[in-house]
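Some notes on the structure that comes next.
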Amino acid sequence: MHSPVSRTTITRVEHGVSAPADDILVTEEPLEIRLGYGPEHDRAEMRLSVTMRSPGHDEELALGFLFTEGLITDPAQVLRVAYCENVKPEERGNVIRAELHPAVDLEPARWQRNFYTTSSCGVCGKSSIEAVRTQCQRTITPWGVVEPAVVTALPDRMREAQTVFKYTGGIHAAALFDRQGKLLLLREDIGRHNAVDKVIGAALLSLAGSLSGVDGCQLLVSGRAGFELVQKCVMAGIPLMAAVGAPSSIAVQLASESGLTLIGFLRGERFNVYAPADRS
């Protein structure tokens, strides 16, 4: 297992005086996710995705990714997730393969064409939201009244539980809380979308293959609330998502249409509620 942090030597400048010093950096390495699929007597492999991530909880990341992208609807559809051994020495620990159950009907060409796109890809919002609507098989249970005292306490609780952030300051976090604000799961990653996938993957594993338990949970993410993160909450059926940063227009639109309560700019005693559309 690769370490989530790396040591380095830097030159620290303070009040115009420079001196060598030791520092700790967040480790960033690629993770290639492969799929094994097909009948038992004729297995095939597809190289599904490569993501830059912080090493650690890679099984959860792969499982969460498969679920939030709609390739699986139940973790029982995955027989096992393991690192690939037959790879180059420099790739060890950075290539993982998920073995799908032979009964899973996978159409590689369709999935390669229809992965949800990020905001940099230029695909229109309407098409992206329709893709989520088509793939999502869960209905969000409305959160109801937002309790300010509960919500505003979440960032401090998440920050206190972070470990890598304390030493590096350069990593995102996603944390799942119950309705009363008790911390249930927290994962850190250099990619905010990876942190969310790790939390959802961990929830799938800890809840014995069912996400029914997240119906009463709220997710807090560091950074902004982009389309990808809202999409993942919708796919998992998490009813409330809060972010310390701003949401995007398409993220608000998806949240409103899906019944997700979306909160942004959660800082100190203040926050904005962007969805659902009827907030009266």
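The values are calculated or read from the model by the stated rules, or taken from the named source; none is laboratory data. Bear in mind that the values here come from a model prediction, so they are computed numbers and not experimental data. Virtual Cβ from ideal backbone geometry, glycine too; neighbours counted across all protein chains shown.
Data table
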item: Hey, residue 251 out of contact with any Ser or Thr (no Cβ under 7 Å at 6 or more places or on another chain) and either buried (at least 20 other Cβ atoms within 10 Å of the Cβ) or of a type in the set (A, V, I, L, M) (or both) or not; result: yes
item: Complete set of residues in the range 59-76 that are acidic (Asp, Glu) and under 15 Å from residue 99 (Cβ atoms); result: 59, 74
item: Count - residues of the range 68-80 that are of a type outside the set (S, T, N, Q), buried (at least 17 other Cβ atoms within 10 Å of the Cβ) and outside any loop (DSSP other than H, G, I, E, B); result: 2
item: Residue satisfying all of: in the range 207-222; assigned to a loop (DSSP other than H, G, I, E, B) and modelled with pLDDT of 70 or more; farthest from the chain's Cα centre (by Cα) among these; result: 217
item: Residue list for the range 58-92, filter: in contact with a strand residue (DSSP E or B) (Cβ under 6 Å, 6 or more places away or on another chain) and in contact (Cβ under 8 Å) with a residue 40 or more places away in the chain; result: 59, 62, 84
